[in-house]
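Some notes on the structure that comes next.
Rule-based calculations on the coordinates, nothing more; no lab input. What you see is a predicted model, and the numbers here were worked out from it, not measured in a lab. Positions of Cβ are backbone-derived with ideal geometry, glycine not excepted, and every protein chain shown enters the neighbour counts.
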Amino acid sequence: MNTNLKGATYERAVRKLLLLGAYTYCVRSTCSRSPADLIAWKPLGRLAFVQCKAGTVSCAAAMRLAKELVSQAPIDTLCLAVHKTAKKEFCWHQGSD
């Protein structure tokens with residue numbers, strides 16, 4: 001599987017989790033057209049920017065990525081970085097300023 005397909009598959013899996021959870025809408029931003037891989041929202045709710053990393057990424061690197069996303073997102077946007085742990089579980093990190 002090439003890296004683009006691997007990343008897109010991972011983004012779709014995270015998107016599915018967001019839609020099963022608290023969010024009503026979630027779109028993928030392909031070809032790096034925005035600071036985040038996924039943008040999720042719900043009516044009258046908070047906007048979320050999500051950066052997905054399908055490769056090997058440490059929790060510390062994911063936290064840095066989430067913090068960097070805060071500087072690129074609109075005010076009061078939830079910024080998240082998602083990666084897989086060694087046990088292939090989703091690991092979520094929230095950015096704060």
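Annotation for residue 44 and residue 19: the two label points, set 7 Å from Cα along the Cα-Cβ direction, are 2.4 nm apart.
In this label model, residue 4 and residue 30 are separated by 0.9 nm, measuring between points 7 Å along each Cα→Cβ vector. Listed by chain and number, the lysines whose C-alpha is less than 18 Å from the C-alpha of residue 87, apart from same-chain residues fewer than 8 away, are 6, 53.
Over all orientations, segment 3-94 has a Cα convex hull whose mean projected area works out to 5.7 square nanometres. Segment 1-32 and segment 35-97 have Cα centres separated by 12 Å.
Report summary: the helix-based calculation at 222 nm, which adds -39500 (n - 2.57) for every DSSP H run with n ≥ 4 and divides by the residues of the chain, gives -11000 deg cm²/dmol.
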